[in-house]
Amino acid sequence: MDLFEIKRINELDWEDIPFVEHPSFGFTRTFDAFNNPNNPWQRVINLREFIAAEFGNYDPIQHYAHTEDRLRDMMHDGHYLSICRTGKPFVAAFEWKENPAHPHNGEWIDAHRFFCGGRFIKLHLDNITHQWHTRKARTFMDELMETPFALAKEKVQEYIPAPPRVPNRIPERATLPVAPAPKIEPEVLPVVNTQTNAKLTRILTLSEGLTIGSQGEEVRLLQQELGFTGDDIDGKFGGKTNSLLKSKIAGLREQEEIKKLILEPKIIAFLRLLRSVESGDRYNVINGGKIFDGYEDHPRISVQYETDGVKWKSSAAGAYQFQPSTWDYYANKLGLSDFSPSNQDLAAIGLLKSQGTIESIQSGNIEGAIYKASKDWDAFPAGPDGQSKWGGSRPLAPLLKKYEDIANDKNLQK
């Protein structure tokens, strides 16, 4: 079970920062906990205290719409944050930016501007960083006062208040990168396989030989290729350019990997099964069945429903019924420029890959693949009892039969 905690930003500790979730995912998890507090997959450990402090009480029939809007504002403005307590978050909200010129050798930043209150967030992150370094320095001085003069001189020369390494909360999971000790020397870019698409080849060509501190027209051209605009195109290869360069290279390489996966018959069949139950195999449909025009971007149309007296909203759209926040994440990660059918397929494989579902499909364990995919798609059952994680019954047998029919189709196409 994944555990989460809700905290006001002014209660945030230094050790919490690497585990703060993207506000859209934090909001989704928290509001799901409001309506399903006994969810066996995830739980907010201080949910009752949070509801009592901010809402007094919660009745899903009477308070659903009002609570949803208010909670979304609270989390997107950054007043409340969702913190993963059992491992790394699905999407971390903050990144550590190294800067030798900074008083603390770097700072935590909202690099992708996930939050609406940008200046408000920055002030709090700076304050938390300053408080940690102040405590670090105070502890060092206390130790220094009890040290003989000769040894104390050596300690002063060696002292560098580098940010601490936050231990992972679940040992068997990969460690989430946190603020490392600052490196003063220029950083050499990693060597990347150039057997990739044309855009990646252009980026690699432009970045060849560039390191932190490089300046000139080559850097300016690289920044333009990376999507920088306005004053950000300054011809200086700094931390921001380096960070976006690495992110873009990683995304394009993963896109190439996904384009290979999308040619595998088993994955083609599973995508068709998923599309058939989520959208009737239509790429231009929003939740509820209405059609949208154009594929320039996710339509972002919110539709309100009422079921048994309970009001709820959905902005899901496309063949795989992506929510806007999920689409934005994978579009940014994989470098997808529009909401076209081919890009929707790539994003769906990206999400299946992150779930660990691809391995089950490739091994022929379609039942296991359906259970894993149910974490994000409610048309699939979450277990042998046929119950969906999001409510309602989804029998497994018809889905397995349908997959078999699709996979045995001699004219199987994507």
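Of SER342, SER302, which residue is without any contact (Cβ under 8 Å) to a residue 12 or more places away in the chain, surrounded by fewer than 22 Cβ atoms within 10 Å (Cβ to Cβ) and small (Gly, Ala, Ser)? Step through it out loud before you land on a result.
Numbers: SER302 fails: without any contact (Cβ under 8 Å) to a residue 12 or more places away in the chain.
Exactly one of SER342, SER302 is without any contact (Cβ under 8 Å) to a residue 12 or more places away in the chain, surrounded by fewer than 22 Cβ atoms within 10 Å (Cβ to Cβ) and small (Gly, Ala, Ser), namely SER342.
Can you confirm whether the stretch 244-266 contains a residue that is closer than 30 Å to LEU412 by Cα, under 22 Å from the mean Cα position of the chain (by Cα) and without any contact (Cβ under 8 Å) to a residue 40 or more places away in the chain? Explain how you work it out, then say what you get.
Taking the stretch 244-266 as the starting set, the residues that turn out to be closer than 30 Å to LEU412 by Cα are 251-266.
Now drop any that are not under 22 Å from the mean Cα position of the chain (by Cα), which leaves 251-259, 261.
If we keep only those that are without any contact (Cβ under 8 Å) to a residue 40 or more places away in the chain as well, we get 257.
Scanning the stretch 244-266, I find at least one residue that is closer than 30 Å to LEU412 by Cα, under 22 Å from the mean Cα position of the chain (by Cα) and without any contact (Cβ under 8 Å) to a residue 40 or more places away in the chain, so the answer is yes.
Among PHE31, PHE25, which is among the aromatic types (Phe, Trp, Tyr), modelled with pLDDT of 80 or more and in contact with a Leu (Cβ under 6 Å, 6 or more places away or on another chain)?
Values: PHE25 fails: in contact with a Leu (Cβ under 6 Å, 6 or more places away or on another chain).
Selected residue: PHE31, the only one of PHE31, PHE25 that is among the aromatic types (Phe, Trp, Tyr), modelled with pLDDT of 80 or more and in contact with a Leu (Cβ under 6 Å, 6 or more places away or on another chain).
Can you find a residue that is of a type in the set (Ser, Thr, Tyr), surrounded by fewer than 19 Cβ atoms within 10 Å (Cβ to Cβ) and not assigned by TED's automatic domain parsing to the domain that holds ASP345 anywhere in the stretch 226-237? Walk me through how you get there before you give the answer.
Start the filter on the stretch 226-237 by keeping residues that are of a type in the set (Ser, Thr, Tyr), which leaves 229.
Now narrow it down to the ones that are surrounded by fewer than 19 Cβ atoms within 10 Å (Cβ to Cβ): 229.
Keeping just the survivors that are not assigned by TED's automatic domain parsing to the domain that holds ASP345 gives 229.
Within the stretch 226-237, one or more residues are of a type in the set (Ser, Thr, Tyr), surrounded by fewer than 19 Cβ atoms within 10 Å (Cβ to Cβ) and not assigned by TED's automatic domain parsing to the domain that holds ASP345.
Within the stretch 318-325, is there a residue that is in a helix (DSSP H, G or I) and over 21 Å from TRP41 (Cβ atoms)?
Looking only at the stretch 318-325, we keep the residues that are in a helix (DSSP H, G or I), and these are 324-325.
Now narrow it down to the ones that are over 21 Å from TRP41 (Cβ atoms): 324.
Yes, the stretch 318-325 contains a residue that is in a helix (DSSP H, G or I) and over 21 Å from TRP41 (Cβ atoms).
Can you report the number of residues in the stretch 319-332 which are buried (at least 18 other Cβ atoms within 10 Å of the Cβ) and farther than 19 Å from TRP377 by Cβ?
Adding up the residues that qualify gives 0.
For ALA331, only one of the following conditions fails: (1) within 14 Å of the chain's Cα centre (by Cα); (2) more than 15 Å from SER24 (Cβ to Cβ); (3) of a type in the set (A, V, I, L, M, F, W, C). What is its number?
For ALA331, the exception is condition (2).
Read through the list (1) at pLDDT 90 or above; (2) closer than 29 Å to PHE114 by Cβ, then give the number of the only condition that LEU399 fails.
Every listed condition holds for LEU399 apart from (2).
If I filter the stretch 369-392 for residues that are among the β-branched types (Val, Ile, Thr), within 23 Å of ILE267 (Cα to Cα) and under 18 Å from the mean Cα position of the chain (by Cα), do I get at least one hit?
Step one: of the stretch 369-392, the residues among the β-branched types (Val, Ile, Thr) are 370.
Filter again for within 23 Å of ILE267 (Cα to Cα), leaving 370.
From what is left, the residues that are under 18 Å from the mean Cα position of the chain (by Cα) are none.
The answer is no; no qualifying residue exists.
Could you grab me the full set of residues in the stretch 305-335 that are out of contact with any Pro (no Cβ under 6 Å at 6 or more places or on another chain), without any contact (Cβ under 8 Å) to a residue 40 or more places away in the chain and among the aliphatic types (A, V, I, L, M)?
Hits for the stretch 305-335 are ALA316, ALA331.
Determine, yes or no, whether TYR295 is in a loop (DSSP other than H, G, I, E, B) and surrounded by 19 or more Cβ atoms within 10 Å (Cβ to Cβ).
On the way: in a loop (DSSP other than H, G, I, E, B): yes; surrounded by 19 or more Cβ atoms within 10 Å (Cβ to Cβ): no.
Judged against the criteria, TYR295 is not a match.
Any chance you could count how many residues in the stretch 1-13 are buried (at least 20 other Cβ atoms within 10 Å of the Cβ) and over 19 Å from PRO37 (Cα atoms)? Quick ask: steps written out before the conclusion?
Here is the first cut: in the stretch 1-13, the residues buried (at least 20 other Cβ atoms within 10 Å of the Cβ) are 4, 6, 9.
So of that shortlist, the ones also over 19 Å from PRO37 (Cα atoms) come out as 9.
Total meeting the criteria: 1.
The values are calculated or read from the model by the stated rules, or taken from the named source; none is laboratory data. This is a predicted model, so every value here is computed, not measured. All Cβ positions, even for glycine, are placed from backbone atoms using ideal geometry, and neighbour counts span all protein chains on display.
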